[in-house]
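For reference, the structure discussed in these notes is given below.
The values are calculated or read from the model by the stated rules, or taken from the named source; none is laboratory data. Note that the structure is predicted; figures quoted are calculated from it, not measured. In this analysis, Cβ positions are derived from the backbone assuming ideal geometry, glycine residues included, and neighbour counts consider all displayed protein chains. Areas reflect the complete protein model, heavy atoms only, side chains present, ligands, DNA and RNA absent. Shrake-Rupley method; radii C 1.70, N 1.55, O 1.52, S 1.80 Å.
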Amino acid sequence: MPSHMSVQTNATVRNQQIEMLISFIMNRFADQLKESGRIISYEPCIRQVLVEREDCKDIFDFLLEIELEDSSSQSAVKMELWGQVTCYKGNKLRKPEPNKTYEIRETIVEGLGLRRSLQEQQASFRTIHITVGPTDYTYGWFADAKRSAYDLSLYPSAQIDSQALFKEMNILSSSSRTEEDYDLLLANIIDNSDSQVGKFIAETLNELCNWFNLGMPISQMADAQSVLLDQLYQSTKAKVLESISASKRGGKGIKDTAKKVLLGEDTADPLMLKTMSRLWSGNPFLQASLEAESSWENWVSKEIPEPEPGQLLEQYICTLWRRVDSSRLILRRLLLRIHSKDTIEYIQDTDITGLTEHNLYGGAHSASQSYLISSYIATKFLNSGIDSPEKLKDILKSRESVALLKASRRFEAGNGTNIKPSFFYVEEALSDQYDVVDFERTNLEAPISYYKEFGSSSVKPYQNMKVICDKRRCHPIAILKAKYFRNQEFARRAKEESFVGITTKYKYVEGEFLERYQNIPLIMFVDMSQELVPPAYAVCRLVTAGWDVYFSIQELKNFLSQLNSIPEEKTD
(Lines give C-alpha, C1' and ligand atoms only; values in the text may rest on other atoms or scores of the structure.)
Protein backbone atom coordinates (compact mmCIF):
# COMPACT_ATOMS: atom_id res chain seq x y z
CA MET A 1 0.00 0.00 0.00
CA PRO A 2 1.28 3.49 -0.77
CA SER A 3 2.62 4.89 2.49
CA HIS A 4 4.61 7.71 4.02
CA MET A 5 7.82 5.61 4.00
CA SER A 6 9.49 7.66 1.25
CA VAL A 7 8.80 10.82 3.25
CA GLN A 8 10.28 9.15 6.33
CA THR A 9 13.33 8.03 4.37
CA ASN A 10 13.91 11.61 3.24
CA ALA A 11 13.62 12.73 6.87
CA THR A 12 16.25 10.17 7.93
CA VAL A 13 18.69 11.45 5.30
CA ARG A 14 17.99 15.03 6.36
CA ASN A 15 18.63 14.15 10.02
CA GLN A 16 21.94 12.50 9.16
CA GLN A 17 23.05 15.59 7.24
CA ILE A 18 22.13 17.82 10.17
CA GLU A 19 24.00 15.61 12.63
CA MET A 20 27.14 15.98 10.49
CA LEU A 21 26.59 19.74 10.42
CA ILE A 22 26.28 19.94 14.21
CA SER A 23 29.37 17.76 14.64
CA PHE A 24 31.29 20.21 12.44
CA ILE A 25 30.01 23.15 14.51
CA MET A 26 30.98 21.53 17.83
CA ASN A 27 34.50 20.78 16.58
CA ARG A 28 34.80 24.32 15.23
CA PHE A 29 33.63 25.63 18.62
CA ALA A 30 36.32 23.60 20.39
CA ASP A 31 38.94 24.77 17.87
CA GLN A 32 38.13 28.40 18.61
CA LEU A 33 38.31 27.83 22.36
CA LYS A 34 41.67 26.09 22.08
CA GLU A 35 43.14 28.70 19.72
CA SER A 36 42.15 31.47 22.14
CA GLY A 37 43.64 29.61 25.10
CA ARG A 38 40.31 29.16 26.90
CA ILE A 39 40.64 25.36 26.96
CA ILE A 40 43.74 23.15 27.10
CA SER A 41 42.65 20.51 24.59
CA TYR A 42 39.68 18.56 23.27
CA GLU A 43 38.73 15.21 21.81
CA PRO A 44 37.01 15.46 18.39
CA CYS A 45 33.22 15.26 18.54
CA ILE A 46 31.81 11.73 18.54
CA ARG A 47 28.43 11.10 16.90
CA GLN A 48 25.76 8.54 17.80
CA VAL A 49 27.01 7.64 21.27
CA LEU A 50 25.26 4.67 22.88
CA VAL A 51 24.51 4.97 26.60
CA GLU A 52 23.35 1.82 28.39
CA ARG A 53 22.16 1.65 31.98
CA GLU A 54 19.75 -0.43 34.00
CA ASP A 55 16.92 1.83 32.85
CA CYS A 56 17.94 2.90 29.35
CA LYS A 57 19.59 2.18 26.05
CA ASP A 58 19.74 5.61 24.45
CA ILE A 59 21.75 7.08 21.60
CA PHE A 60 23.00 10.66 21.90
CA ASP A 61 23.75 12.65 18.78
CA PHE A 62 27.10 14.00 19.92
CA LEU A 63 29.68 14.01 22.69
CA LEU A 64 32.47 16.59 22.85
CA GLU A 65 35.09 16.31 25.58
CA ILE A 66 37.07 19.44 26.42
CA GLU A 67 39.88 19.89 28.93
CA LEU A 68 39.73 22.98 31.10
CA GLU A 69 42.13 24.40 33.64
CA ASP A 70 40.70 24.37 37.15
CA SER A 71 41.69 27.73 38.59
CA SER A 72 41.13 26.59 42.16
CA SER A 73 43.49 23.61 41.98
CA GLN A 74 45.70 24.57 39.00
CA SER A 75 44.92 21.17 37.47
CA ALA A 76 43.15 20.05 34.31
CA VAL A 77 39.47 19.09 34.41
CA LYS A 78 37.67 17.17 31.70
CA MET A 79 34.23 18.44 30.80
CA GLU A 80 31.80 16.29 28.80
CA LEU A 81 29.35 18.12 26.52
CA TRP A 82 26.52 15.73 25.64
CA GLY A 83 23.97 16.72 23.06
CA GLN A 84 20.82 15.84 21.16
CA VAL A 85 19.66 17.36 17.89
CA THR A 86 16.07 17.71 16.69
CA CYS A 87 15.31 18.49 13.06
CA TYR A 88 11.96 20.00 12.00
CA LYS A 89 11.21 20.38 8.30
CA GLY A 90 8.18 22.59 8.87
CA ASN A 91 5.44 23.51 6.41
CA LYS A 92 4.27 26.60 4.57
CA LEU A 93 1.28 27.07 6.85
CA ARG A 94 3.60 27.27 9.88
CA LYS A 95 1.29 24.97 11.80
CA PRO A 96 2.56 22.83 14.69
CA GLU A 97 2.73 19.12 13.92
CA PRO A 98 0.98 17.09 16.68
CA ASN A 99 3.01 13.97 15.92
CA LYS A 100 6.18 15.74 17.04
CA THR A 101 4.98 15.59 20.66
CA TYR A 102 6.23 12.06 21.21
CA GLU A 103 9.67 13.09 19.95
CA ILE A 104 10.10 15.91 22.46
CA ARG A 105 8.88 13.69 25.29
CA GLU A 106 11.54 11.12 24.44
CA THR A 107 14.24 13.78 24.07
CA ILE A 108 13.48 15.21 27.51
CA VAL A 109 13.46 11.78 29.16
CA GLU A 110 16.79 10.98 27.49
CA GLY A 111 18.36 14.22 28.71
CA LEU A 112 17.14 13.91 32.29
CA GLY A 113 18.03 10.21 32.51
CA LEU A 114 21.55 10.89 31.29
CA ARG A 115 21.82 13.72 33.78
CA ARG A 116 20.87 11.46 36.69
CA SER A 117 23.45 8.90 35.62
CA LEU A 118 26.28 11.43 35.11
CA GLN A 119 25.56 13.03 38.48
CA GLU A 120 25.69 9.61 40.08
CA GLN A 121 29.11 9.13 38.47
CA GLN A 122 30.15 12.59 39.73
CA ALA A 123 31.20 13.52 36.20
CA SER A 124 31.80 17.08 35.04
CA PHE A 125 29.32 17.63 32.24
CA ARG A 126 26.78 19.84 30.53
CA THR A 127 23.88 18.84 28.29
CA ILE A 128 22.93 20.66 25.09
CA HIS A 129 19.92 20.46 22.83
CA ILE A 130 20.03 22.01 19.35
CA THR A 131 16.91 22.44 17.23
CA VAL A 132 17.27 22.88 13.47
CA GLY A 133 14.17 24.09 11.70
CA PRO A 134 11.38 26.64 12.10
CA THR A 135 10.51 27.34 15.74
CA ASP A 136 6.83 27.83 14.94
CA TYR A 137 6.53 24.23 13.72
CA THR A 138 6.31 23.06 17.33
CA TYR A 139 3.99 23.77 20.23
CA GLY A 140 5.04 26.65 22.45
CA TRP A 141 5.72 24.54 25.50
CA PHE A 142 8.41 22.56 23.64
CA ALA A 143 10.92 25.41 23.95
CA ASP A 144 10.23 25.88 27.66
CA ALA A 145 10.53 22.14 28.26
CA LYS A 146 13.88 21.87 26.48
CA ARG A 147 15.29 24.84 28.38
CA SER A 148 14.19 23.16 31.61
CA ALA A 149 15.71 19.77 30.77
CA TYR A 150 19.05 20.74 29.18
CA ASP A 151 21.75 23.19 30.28
CA LEU A 152 21.62 24.87 26.90
CA SER A 153 18.81 24.80 24.32
CA LEU A 154 19.39 26.52 20.98
CA TYR A 155 16.90 27.44 18.26
CA PRO A 156 17.70 29.12 14.93
CA SER A 157 16.82 32.79 14.70
CA ALA A 158 14.07 34.16 12.48
CA GLN A 159 16.76 35.16 9.96
CA ILE A 160 17.33 31.50 9.05
CA ASP A 161 15.18 30.19 6.19
CA SER A 162 14.88 26.54 7.20
CA GLN A 163 13.56 25.30 3.86
CA ALA A 164 16.49 26.93 2.05
CA LEU A 165 18.89 25.59 4.67
CA PHE A 166 17.77 21.97 4.13
CA LYS A 167 17.95 22.31 0.35
CA GLU A 168 21.46 23.76 0.60
CA MET A 169 22.48 20.98 3.00
CA ASN A 170 21.34 18.41 0.46
CA ILE A 171 23.38 20.05 -2.30
CA LEU A 172 26.49 20.24 -0.09
CA SER A 173 26.12 16.61 0.89
CA SER A 174 25.69 15.52 -2.74
CA SER A 175 28.82 17.48 -3.67
CA SER A 176 30.96 15.67 -1.06
CA ARG A 177 32.59 12.30 -1.57
CA THR A 178 33.97 12.10 1.98
CA GLU A 179 33.21 13.72 5.31
CA GLU A 180 36.47 15.66 5.01
CA ASP A 181 35.22 17.15 1.74
CA TYR A 182 31.95 18.01 3.45
CA ASP A 183 33.70 19.74 6.37
CA LEU A 184 35.83 21.73 3.95
CA LEU A 185 32.75 22.94 2.10
CA LEU A 186 31.18 23.99 5.41
CA ALA A 187 34.34 25.81 6.47
CA ASN A 188 34.32 27.81 3.22
CA ILE A 189 30.76 29.14 3.63
CA ILE A 190 30.81 30.31 7.27
CA ASP A 191 31.36 33.93 6.23
CA ASN A 192 29.08 33.74 3.19
CA SER A 193 26.09 35.97 3.96
CA ASP A 194 24.17 34.46 1.03
CA SER A 195 24.38 30.97 2.49
CA GLN A 196 21.69 29.86 4.93
CA VAL A 197 23.97 27.09 6.16
CA GLY A 198 26.77 29.59 6.65
CA LYS A 199 24.45 31.87 8.63
CA PHE A 200 23.30 28.97 10.78
CA ILE A 201 26.89 27.88 11.54
CA ALA A 202 27.98 31.40 12.47
CA GLU A 203 24.89 31.98 14.58
CA THR A 204 25.22 28.69 16.48
CA LEU A 205 28.95 29.21 17.08
CA ASN A 206 28.22 32.64 18.49
CA GLU A 207 25.57 31.24 20.85
CA LEU A 208 27.92 28.48 22.05
CA CYS A 209 30.77 30.92 22.67
CA ASN A 210 28.52 33.31 24.58
CA TRP A 211 27.34 30.42 26.75
CA PHE A 212 30.93 29.35 27.40
CA ASN A 213 31.92 32.92 28.32
CA LEU A 214 29.13 32.95 30.90
CA GLY A 215 30.70 29.90 32.53
CA MET A 216 28.44 27.32 30.88
CA PRO A 217 25.65 27.87 33.44
CA ILE A 218 23.88 24.79 34.78
CA SER A 219 20.11 24.45 34.47
CA GLN A 220 18.79 24.40 38.01
CA MET A 221 15.44 23.08 36.80
CA ALA A 222 17.11 20.18 35.01
CA ASP A 223 18.99 19.38 38.22
CA ALA A 224 15.75 19.44 40.22
CA GLN A 225 14.08 17.01 37.81
CA SER A 226 17.13 14.77 37.89
CA VAL A 227 16.91 14.62 41.68
CA LEU A 228 13.23 13.72 41.35
CA LEU A 229 14.07 10.90 38.95
CA ASP A 230 16.75 9.61 41.30
CA GLN A 231 14.36 9.57 44.24
CA LEU A 232 11.96 7.43 42.23
CA TYR A 233 14.80 5.24 41.01
CA GLN A 234 16.00 4.55 44.55
CA SER A 235 12.52 3.96 45.98
CA THR A 236 11.22 1.57 43.32
CA LYS A 237 14.01 -1.01 43.10
CA ALA A 238 11.89 -3.86 44.53
CA LYS A 239 8.95 -2.90 42.31
CA VAL A 240 11.23 -2.88 39.26
CA LEU A 241 12.30 -6.48 39.89
CA GLU A 242 8.68 -7.59 40.34
CA SER A 243 7.60 -5.88 37.11
CA ILE A 244 10.47 -7.31 35.08
CA SER A 245 9.63 -10.78 36.39
CA ALA A 246 5.96 -10.30 35.46
CA SER A 247 6.90 -9.08 31.97
CA LYS A 248 8.62 -12.39 31.23
CA ARG A 249 5.30 -14.23 31.50
CA GLY A 250 4.09 -12.61 28.28
CA GLY A 251 1.22 -10.31 27.45
CA LYS A 252 -2.52 -10.54 27.03
CA GLY A 253 -2.41 -9.92 23.28
CA ILE A 254 -5.63 -7.89 23.32
CA LYS A 255 -4.85 -5.73 20.32
CA ASP A 256 -3.51 -8.71 18.38
CA THR A 257 -6.83 -10.50 18.86
CA ALA A 258 -8.89 -7.39 18.13
CA LYS A 259 -7.05 -6.85 14.86
CA LYS A 260 -7.83 -10.41 13.76
CA VAL A 261 -11.51 -9.88 14.53
CA LEU A 262 -11.50 -6.58 12.66
CA LEU A 263 -10.16 -8.48 9.68
CA GLY A 264 -12.99 -11.00 9.75
CA GLU A 265 -12.18 -13.67 12.37
CA ASP A 266 -14.72 -14.72 15.00
CA THR A 267 -14.39 -14.54 18.78
CA ALA A 268 -16.36 -16.04 21.65
CA ASP A 269 -14.79 -13.78 24.31
CA PRO A 270 -17.65 -11.61 25.64
CA LEU A 271 -15.23 -8.84 26.68
CA MET A 272 -13.76 -8.81 23.20
CA LEU A 273 -17.23 -8.59 21.65
CA LYS A 274 -17.97 -5.52 23.76
CA THR A 275 -14.60 -4.09 22.80
CA MET A 276 -15.28 -4.66 19.12
CA SER A 277 -18.58 -2.82 19.30
CA ARG A 278 -16.73 0.23 20.61
CA LEU A 279 -14.05 -0.07 17.94
CA TRP A 280 -16.57 -0.17 15.07
CA SER A 281 -18.14 3.05 16.30
CA GLY A 282 -14.71 4.66 16.81
CA ASN A 283 -13.64 4.09 13.19
CA PRO A 284 -16.66 3.54 10.94
CA PHE A 285 -14.36 3.10 7.93
CA LEU A 286 -13.44 -0.40 9.13
CA GLN A 287 -16.99 -1.69 8.91
CA ALA A 288 -17.82 0.30 5.76
CA SER A 289 -14.77 -1.15 4.05
CA LEU A 290 -15.54 -4.71 5.09
CA GLU A 291 -19.07 -4.42 3.71
CA ALA A 292 -17.88 -2.83 0.44
CA GLU A 293 -15.23 -5.49 -0.15
CA SER A 294 -17.72 -8.31 0.36
CA SER A 295 -19.81 -7.05 -2.57
CA TRP A 296 -17.49 -4.81 -4.55
CA GLU A 297 -19.33 -4.74 -7.88
CA ASN A 298 -22.61 -3.82 -6.22
CA TRP A 299 -20.89 -1.16 -4.13
CA VAL A 300 -19.22 0.37 -7.18
CA SER A 301 -22.42 0.53 -9.22
CA LYS A 302 -24.23 2.17 -6.32
CA GLU A 303 -21.58 4.57 -4.99
CA ILE A 304 -19.39 5.66 -7.95
CA PRO A 305 -21.39 7.78 -10.37
CA GLU A 306 -20.80 8.03 -14.10
CA PRO A 307 -18.92 11.22 -15.14
CA GLU A 308 -21.13 13.92 -16.58
CA PRO A 309 -20.64 14.86 -20.27
CA GLY A 310 -17.70 17.24 -20.62
CA GLN A 311 -16.82 17.02 -16.95
CA LEU A 312 -13.17 17.76 -16.15
CA LEU A 313 -11.06 15.35 -14.12
CA GLU A 314 -10.73 17.84 -11.28
CA GLN A 315 -14.50 18.39 -11.16
CA TYR A 316 -15.16 14.65 -11.04
CA ILE A 317 -12.70 14.20 -8.20
CA CYS A 318 -14.40 17.04 -6.31
CA THR A 319 -17.79 15.34 -6.78
CA LEU A 320 -16.45 12.12 -5.29
CA TRP A 321 -14.62 13.91 -2.49
CA ARG A 322 -17.70 15.85 -1.36
CA ARG A 323 -19.89 12.80 -0.83
CA VAL A 324 -21.55 13.10 2.57
CA ASP A 325 -22.50 9.46 3.24
CA SER A 326 -20.21 6.66 4.44
CA SER A 327 -18.89 6.13 0.90
CA ARG A 328 -16.62 9.15 1.37
CA LEU A 329 -14.64 7.15 3.93
CA ILE A 330 -13.66 4.75 1.16
CA LEU A 331 -13.50 7.12 -1.82
CA ARG A 332 -11.19 9.62 -0.12
CA ARG A 333 -8.71 6.92 0.87
CA LEU A 334 -8.66 5.56 -2.67
CA LEU A 335 -8.34 8.98 -4.28
CA LEU A 336 -5.31 9.81 -2.15
CA ARG A 337 -3.55 6.50 -2.82
CA ILE A 338 -4.56 4.92 -6.10
CA HIS A 339 -2.35 7.17 -8.24
CA SER A 340 0.86 6.01 -6.53
CA LYS A 341 2.62 2.67 -6.30
CA ASP A 342 4.91 3.56 -3.43
CA THR A 343 4.45 6.76 -1.46
CA ILE A 344 2.02 9.49 -0.44
CA GLU A 345 2.81 12.81 1.17
CA TYR A 346 1.73 13.82 4.63
CA ILE A 347 -1.47 15.85 4.50
CA GLN A 348 0.17 18.84 6.21
CA ASP A 349 2.58 19.05 3.27
CA THR A 350 -0.29 19.92 0.91
CA ASP A 351 -0.46 23.28 2.72
CA ILE A 352 -4.27 23.40 2.67
CA THR A 353 -5.53 25.41 5.61
CA GLY A 354 -7.80 23.46 7.95
CA LEU A 355 -7.04 20.03 6.49
CA THR A 356 -5.52 17.73 9.10
CA GLU A 357 -4.95 14.02 9.51
CA HIS A 358 -7.90 14.01 11.92
CA ASN A 359 -10.53 15.40 9.52
CA LEU A 360 -9.04 14.26 6.22
CA TYR A 361 -11.24 11.24 5.54
CA GLY A 362 -14.43 11.94 7.44
CA GLY A 363 -14.56 15.71 7.82
CA ALA A 364 -17.09 18.03 6.24
CA HIS A 365 -14.78 20.18 4.12
CA SER A 366 -15.64 23.59 2.75
CA ALA A 367 -15.99 24.24 -0.97
CA SER A 368 -12.57 25.90 -0.97
CA GLN A 369 -10.89 22.99 0.84
CA SER A 370 -12.55 20.47 -1.46
CA TYR A 371 -11.44 22.40 -4.52
CA LEU A 372 -7.83 22.62 -3.30
CA ILE A 373 -7.54 18.95 -2.34
CA SER A 374 -9.19 17.93 -5.63
CA SER A 375 -6.69 20.07 -7.59
CA TYR A 376 -3.84 18.47 -5.65
CA ILE A 377 -5.14 14.95 -6.38
CA ALA A 378 -5.85 15.75 -10.04
CA THR A 379 -2.23 16.78 -10.53
CA LYS A 380 -1.10 13.46 -9.08
CA PHE A 381 -3.41 11.54 -11.42
CA LEU A 382 -2.32 13.50 -14.49
CA ASN A 383 1.30 12.76 -13.65
CA SER A 384 0.37 9.07 -13.48
CA GLY A 385 -1.29 9.06 -16.91
CA ILE A 386 -4.89 9.14 -15.61
CA ASP A 387 -6.17 12.17 -17.52
CA SER A 388 -9.97 11.80 -17.68
CA PRO A 389 -12.91 11.04 -15.38
CA GLU A 390 -13.60 7.88 -17.37
CA LYS A 391 -10.07 6.53 -16.75
CA LEU A 392 -10.37 7.43 -13.08
CA LYS A 393 -13.65 5.57 -12.72
CA ASP A 394 -12.17 2.52 -14.44
CA ILE A 395 -9.30 2.35 -12.00
CA LEU A 396 -11.58 2.95 -9.01
CA LYS A 397 -13.71 -0.01 -10.13
CA SER A 398 -10.70 -2.30 -10.55
CA ARG A 399 -9.50 -5.12 -8.31
CA GLU A 400 -6.47 -2.94 -7.66
CA SER A 401 -8.76 -0.62 -5.68
CA VAL A 402 -10.12 -3.57 -3.69
CA ALA A 403 -6.57 -4.66 -2.83
CA LEU A 404 -5.71 -1.13 -1.78
CA LEU A 405 -8.86 -0.90 0.32
CA LYS A 406 -8.00 -4.16 2.09
CA ALA A 407 -4.48 -2.91 2.77
CA SER A 408 -5.88 0.32 4.23
CA ARG A 409 -8.23 -1.62 6.47
CA ARG A 410 -5.45 -3.92 7.66
CA PHE A 411 -3.31 -0.92 8.51
CA GLU A 412 -6.04 1.06 10.25
CA ALA A 413 -7.20 -1.97 12.21
CA GLY A 414 -3.97 -1.64 14.17
CA ASN A 415 -3.41 2.11 14.11
CA GLY A 416 -5.19 5.37 14.77
CA THR A 417 -6.28 7.45 17.72
CA ASN A 418 -9.71 5.79 17.91
CA ILE A 419 -8.31 2.25 17.80
CA LYS A 420 -7.83 1.58 21.51
CA PRO A 421 -8.85 -2.05 22.05
CA SER A 422 -6.38 -2.46 24.92
CA PHE A 423 -7.95 0.32 26.95
CA PHE A 424 -11.52 -0.67 26.02
CA TYR A 425 -10.91 -4.31 26.98
CA VAL A 426 -9.42 -3.42 30.37
CA GLU A 427 -12.35 -1.11 31.06
CA GLU A 428 -14.80 -3.89 30.24
CA ALA A 429 -12.84 -6.37 32.38
CA LEU A 430 -13.06 -4.05 35.41
CA SER A 431 -16.64 -2.92 34.86
CA ASP A 432 -18.23 -5.49 37.19
CA GLN A 433 -16.48 -4.01 40.24
CA TYR A 434 -15.32 -0.55 39.22
CA ASP A 435 -16.34 2.52 37.30
CA VAL A 436 -13.64 3.75 34.93
CA VAL A 437 -14.44 7.41 34.39
CA ASP A 438 -13.03 10.63 32.96
CA PHE A 439 -11.31 13.02 35.36
CA GLU A 440 -14.18 15.49 34.98
CA ARG A 441 -16.43 13.08 36.88
CA THR A 442 -14.15 13.09 39.93
CA ASN A 443 -12.70 15.70 42.26
CA LEU A 444 -9.16 14.99 41.08
CA GLU A 445 -6.97 17.53 39.35
CA ALA A 446 -6.70 17.21 35.59
CA PRO A 447 -3.55 15.33 34.52
CA ILE A 448 -1.61 18.26 33.10
CA SER A 449 2.14 17.97 32.69
CA TYR A 450 4.09 19.97 35.25
CA TYR A 451 5.86 21.63 32.33
CA LYS A 452 2.95 24.03 32.16
CA GLU A 453 4.57 25.78 35.15
CA PHE A 454 7.85 26.37 33.28
CA GLY A 455 6.51 28.85 30.74
CA SER A 456 3.52 30.82 29.55
CA SER A 457 2.41 28.48 26.76
CA SER A 458 -0.79 26.46 26.95
CA VAL A 459 -0.46 22.79 27.94
CA LYS A 460 -3.49 20.54 27.53
CA PRO A 461 -4.35 17.65 29.90
CA TYR A 462 -3.38 14.13 28.90
CA GLN A 463 -6.33 12.53 27.14
CA ASN A 464 -5.80 8.77 27.34
CA MET A 465 -5.98 8.38 31.10
CA LYS A 466 -9.00 7.60 33.28
CA VAL A 467 -9.83 7.19 36.95
CA ILE A 468 -10.78 3.84 38.49
CA CYS A 469 -13.48 4.39 41.10
CA ASP A 470 -14.95 1.96 43.60
CA LYS A 471 -18.63 1.43 42.80
CA ARG A 472 -19.68 1.03 46.42
CA ARG A 473 -18.00 4.07 47.87
CA CYS A 474 -17.73 6.15 44.69
CA HIS A 475 -14.19 7.33 45.34
CA PRO A 476 -11.03 7.18 43.20
CA ILE A 477 -8.60 4.38 43.97
CA ALA A 478 -6.24 4.50 40.96
CA ILE A 479 -5.49 6.23 37.65
CA LEU A 480 -5.38 3.99 34.59
CA LYS A 481 -3.70 4.01 31.24
CA ALA A 482 -3.76 0.93 29.01
CA LYS A 483 -1.69 0.79 25.86
CA TYR A 484 -0.40 -1.69 23.30
CA PHE A 485 3.38 -1.96 23.06
CA ARG A 486 4.72 -3.44 19.81
CA ASN A 487 7.92 -5.42 20.00
CA GLN A 488 9.77 -3.08 17.62
CA GLU A 489 8.67 0.04 19.51
CA PHE A 490 8.55 -1.18 23.09
CA ALA A 491 11.59 0.77 24.27
CA ARG A 492 10.48 3.95 22.50
CA ARG A 493 6.96 3.70 23.88
CA ALA A 494 8.34 3.16 27.35
CA LYS A 495 10.40 6.31 26.99
CA GLU A 496 7.41 8.36 25.84
CA GLU A 497 5.19 7.06 28.64
CA SER A 498 7.92 7.70 31.20
CA PHE A 499 7.53 11.39 30.42
CA VAL A 500 3.77 11.11 30.93
CA GLY A 501 4.25 9.20 34.19
CA ILE A 502 6.59 11.53 36.01
CA THR A 503 4.94 14.75 34.77
CA THR A 504 1.53 13.44 35.88
CA LYS A 505 2.59 11.94 39.19
CA TYR A 506 4.13 15.23 40.30
CA LYS A 507 3.23 18.88 40.09
CA TYR A 508 5.50 21.85 40.52
CA VAL A 509 4.40 24.28 43.22
CA GLU A 510 6.47 27.25 44.44
CA GLY A 511 9.79 25.66 43.62
CA GLU A 512 8.95 22.15 44.81
CA PHE A 513 7.84 18.92 43.22
CA LEU A 514 4.86 17.50 45.11
CA GLU A 515 2.84 14.34 44.52
CA ARG A 516 -0.27 15.33 42.64
CA TYR A 517 -2.48 12.39 43.67
CA GLN A 518 -1.73 11.32 47.23
CA ASN A 519 -2.14 7.56 47.75
CA ILE A 520 -3.60 7.11 44.26
CA PRO A 521 -1.23 5.06 42.07
CA LEU A 522 -0.70 5.54 38.35
CA ILE A 523 -1.32 2.20 36.62
CA MET A 524 0.05 1.36 33.20
CA PHE A 525 -1.52 -1.79 31.77
CA VAL A 526 0.89 -2.96 29.11
CA ASP A 527 -0.82 -4.96 26.38
CA MET A 528 1.65 -6.87 24.23
CA SER A 529 1.92 -10.06 22.24
CA GLN A 530 1.64 -13.22 24.30
CA GLU A 531 5.13 -14.42 23.36
CA LEU A 532 6.90 -11.08 23.82
CA VAL A 533 9.53 -10.64 26.53
CA PRO A 534 10.26 -6.89 26.56
CA PRO A 535 13.66 -5.33 27.29
CA ALA A 536 14.20 -5.22 31.05
CA TYR A 537 15.58 -1.67 30.87
CA ALA A 538 12.38 -0.44 29.23
CA VAL A 539 10.22 -1.93 31.99
CA CYS A 540 12.60 -0.43 34.55
CA ARG A 541 12.23 2.97 32.90
CA LEU A 542 8.44 2.84 33.15
CA VAL A 543 8.46 1.88 36.82
CA THR A 544 11.11 4.43 37.82
CA ALA A 545 9.03 7.15 36.15
CA GLY A 546 6.13 6.56 38.55
CA TRP A 547 4.02 3.84 36.92
CA ASP A 548 2.72 0.67 38.54
CA VAL A 549 3.05 -1.66 35.56
CA TYR A 550 0.78 -4.65 34.90
CA PHE A 551 0.69 -7.18 32.08
CA SER A 552 -2.11 -9.43 33.40
CA ILE A 553 -5.78 -8.59 33.93
CA GLN A 554 -5.97 -10.87 36.96
CA GLU A 555 -2.87 -9.40 38.59
CA LEU A 556 -4.29 -5.92 38.01
CA LYS A 557 -7.56 -6.97 39.65
CA ASN A 558 -5.66 -8.41 42.61
CA PHE A 559 -3.79 -5.13 43.04
CA LEU A 560 -6.98 -3.09 42.87
CA SER A 561 -8.62 -5.42 45.37
CA GLN A 562 -5.79 -4.77 47.82
CA LEU A 563 -6.13 -1.03 47.34
CA ASN A 564 -9.87 -1.22 47.88
CA SER A 565 -9.68 -3.42 50.96
CA ILE A 566 -8.62 -0.54 53.20
CA PRO A 567 -11.44 0.06 55.72
CA GLU A 568 -13.32 3.29 55.54
CA GLU A 569 -12.44 5.85 58.19
CA LYS A 570 -14.98 5.99 61.01
CA THR A 571 -16.89 9.22 61.40
CA ASP A 572 -18.80 10.56 64.39
- Message: Between Glu357 and Glu203, how high is the FRET efficiency from 1/(1 + (r/R0)^6) when r is the Cβ-Cβ distance and R₀ = 35 Å? Nearest 0.05.
- Response: 0.60
- Query: Within a Cβ distance under 10 Å of Val533, other residues only, what is the Lys/Arg minus Asp/Glu net charge?
  - Reply: +1
- Task: Give the carbon-plus-sulfur fraction of the accessible surface of the range 177-264 in %, rounded to a whole number; probe 1.4 Å, heavy atoms of protein chains only.
- Result: 49
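Using a probe radius of 1.4 Å on heavy atoms only, what accessible surface per residue do you get for the chain? Whole Å² is fine. Intermediate values should be presented prior to the final figure.
Working: 27110 Å² over 572 residues.
On a per-residue basis, the chain sits at 47 Å².
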- Task: For Lys34, list the lysines whose Cα falls under 25 Å from its own Cα; do not include residues on the same chain fewer than 8 positions away.
- Result: Lys78, Lys199
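What value does the range 399-513 have for Rg/Rh, both radii from Cα atoms and Rh as Kirkwood defines it?
Values: Rg = 18.2 Å, Rh = 16.9 Å.
For the range 399-513, the value is 1.08.
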- Message: Filter Lys260/Lys406; Lys259/Lys483; Lys255/Lys471; Lys239/Lys507; Lys259/Lys406; Lys237/Lys557 down to the pairs with a C-alpha to C-alpha distance above 18 Å, please.
- Response: Lys255/Lys471; Lys239/Lys507; Lys237/Lys557
- Message: Calculate the FRET efficiency for Ala268 and Val77 from the Cβ-Cβ distance with a Förster distance of 45 Å, rounded to the nearest 0.05.
- Response: 0.10
- Query: When you count, for each residue, the other Cβ atoms within 10 Å and take the mean per peptide, how do 115-124, 484-493 rank with the highest first?
  - Reply: 484-493, 115-124
- Excluding residues fewer than 8 positions from Lys302 in its own chain, the lysines with Cα under 17 Å of it are Lys393, Lys397
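About its Cα centre, what dipole magnitude does the chain give when the only charges are +1 on Lys and Arg Cβ and -1 on Asp and Glu Cβ, stated in debye to the nearest 20? Kindly include the intermediate steps, with their values, before the conclusion.
Numbers: 68 positive and 79 negative charges, 328 e Å.
So the magnitude is around 1580 debye.
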- Projected label distance in nm at Asn192 and Asp438, using a 7 Å step from Cα toward the beta-carbon: 5.5
- Item | Square roots of five times the Cα gyration tensor eigenvalues for the range 440-572, Å | 25, 23, 12
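Rounded to two decimal places and with Rh computed the Kirkwood way over Cα pairs, what is Rg over Rh for the range 431-492?
Working: Rg = 14.9 Å, Rh = 13.8 Å.
Here Rg/Rh amounts to 1.08.
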- Just need log10 I(q)/I(0) for the range 138-248 at q = 0.09, 0.10, 0.14 Å⁻¹, Debye formula, equal scatterers on the alpha-carbon atoms, no solvent, rounded to two decimals. -0.46, -0.54, -0.79
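Give me Rg over Rh for the chain, both radii from the alpha carbons and Rh done the Kirkwood way, two decimal places.
We get a ratio of 1.01 for the chain.
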